[in-house]
């Protein structure tokens, strides 16, 4: 049965009644408390001033420059079931989304806002998949279940030099007991420029403890023409040394395509929604792969890498120097290992 106790998730649990209660946080109800929505009193210049209290008065907030805003501060136990956010594209790489479970000091989720929702390179485009959906025009949706036992806290940091006006959000969650075997949701973002001497990007490394890997988002800036995706993905787990336990056969193969793609696509668990190149620009790609039906389970540790390879004229693989960003998604027991320091705004800024 596809449930977390009474915390129904998925069609398999929809018919079942439970003792769980549903709450939702938004700008109109920042605490999610019972009977606490739509309490804002309008001022004379508010669009809803003629309607009065109880109508649409505070649908969004402003993220001031160089500030961190707490979006959700929830006492558990429970599970976050849906997050919806929309804001202008300048926020996609300049705003950092963080999530903390059970009063931990370091975040389990730390990622630029757009990349979390599979919108890479600071670009806005639609994504049609099961756990992540980006709908016209820039409606970010996450359906990843995020269980917590004592407490959940979600923050957004604005490192842009201007205020982010019109930040809209809705965080919906259920409160009920969480089963002992439920692991915690984790997300980590990395970026590197590969070299011809060592054309490999590390998607994630240093994961310690038991868990399962559930997703990859890649943003790929191509610095040369021609085919770019001949490299293999590798999963090193549970004490692997020089050689991995799981080894793919090519970049488009890992994302469940074939023969250099030839076109973009969105599917429930995998997609290549972005191929972007204007005259004079470098080719840019965006891809996602959700291991929902085929999670990569590990007992003690995990490292994931991907190669940057193309073709030479003589039919040999060509090492590529490309700019690659990645977002890794997994569940694991706590505590988690320390994350590498997130690049500053200049280091995250899209090309």
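Describe numerically, in nm with one decimal, the distance between label points set 7 Å from Cα along Cα→Cβ at residue 82 and at residue 135.
If labels sit at residue 82 and residue 135, their model points lie 0.8 nm apart.
Among 41, 87, 187, which one shows the biggest mean-square fluctuation in a GNM of the chain, springs joining Cα atoms closer than 10 Å?
Maximum fluctuation in the GNM of the chain, among the listed residues, is at 41.
For the stretch 123-137 and the stretch 253-292, what is the separation of their Cα centres, given in Å?
So the two Cα centres are separated by 13 Å.
Which residue fluctuates most in the GNM of the chain (Cα springs below 10 Å): 178, 134, 34?
Its mean-square fluctuation being the largest, the pick is 34.
Given a cut-off of under 8 Å on Cα pairs at least six residues apart, what relative contact order in percent is computed for the stretch 184-339?
Dividing the mean separation by the residue count of the stretch 184-339 yields 47 percent.
For the chain, what value does the Rg/Rh ratio take when both radii are computed over Cα atoms and Rh is the Kirkwood radius, given to two decimals?
Ratio of gyration radius to Kirkwood radius for the chain: 0.98.
At 0.36 nm per residue, and after removing the present C-alpha to C-alpha distance, how many nm does the segment from residue 183 to residue 16 gain when stretched out fully? Let's see the in-between values first.
On the way: separation 167, 0.36 × 167 = 60.12 nm, distance 2.25 nm.
Length gained, residue 183 through residue 16: 57.9 nm.
Given R₀ = 56 Å, FRET efficiency for residue 31-residue 253 by Cβ-Cβ distance, to 0.05?
Details: r = 47 Å, r/R0 = 0.84.
Efficiency, rounded to the nearest 0.05: 0.75.
So for the pair residue 105, residue 46, with labels modelled 7 Å out along Cα→Cβ, what separation do we get in nm?
Between residue 105 and residue 46, the label points sit 4.1 nm apart.
Compute the length gained on full extension between residue 263 and residue 150: take 0.36 nm times their separation in residues and subtract their Cα-Cα distance, giving the result in nm to one decimal.
Extra length available between residue 263 and residue 150 comes to 36.1 nm.
Ordered by packing density, taken as the mean number of other Cβ atoms within 10 Å over each peptide's residues, highest first, how do 165-174, 18-27 rank?
So the order, starting with the most tightly packed, is 165-174, 18-27.
Packing-wise, with mean Cβ within 10 Å as the measure, how do 153-162, 274-283, 138-147 rank, highest first?
Taking the mean over residues of other Cβ atoms within 10 Å, the ranking is 138-147, 153-162, 274-283.
Could you tell me what fraction of 2.2 N^0.38 Å the Cα radius of gyration of the stretch 184-339 comes to, as a two-decimal ratio?
Here the answer is 1.04, to two decimals.
Less than 18 Å from a label point 7 Å out along the Cα-to-Cβ axis of residue 312: which backbone N atoms in the stretch 208-250 qualify, by residue?
Under 18 Å, as judged by backbone N against the label point of residue 312, lie 224-232 of the stretch 208-250.
Where does the chain land at 222 nm, in deg cm²/dmol rounded to the nearest 500, when only DSSP H runs of n ≥ 4 count, each adding -39500 (n - 2.57), divided by all residues?
-500 deg cm²/dmol
Given 0.36 nm per residue, what is the gain on full extension from residue 278 to residue 202 after removing their alpha carbon distance, in nm?
On the way: separation 76, 0.36 × 76 = 27.36 nm, distance 2.83 nm.
That works out to 24.5 nm of additional length.
From the C-alpha gyration tensor of the stretch 80-194, pull out the three semi-axes of the equivalent ellipsoid (sqrt of 5λ each), sorted largest to smallest, in whole Å.
24, 16, 14
I'd like the antiparallel share, as a percent to the nearest 5, of DSSP beta bridges with both residues in the chain.
So the antiparallel bridges in the chain amount to around 95 percent.
Every number here is computed from the coordinates shown, using simple stated rules; none is lab data. Remember, it's a predicted structure, so these values are computed and weren't measured experimentally. So basically every Cβ, Gly included, is an ideal-geometry build from the backbone, and we count neighbours across all protein chains shown.
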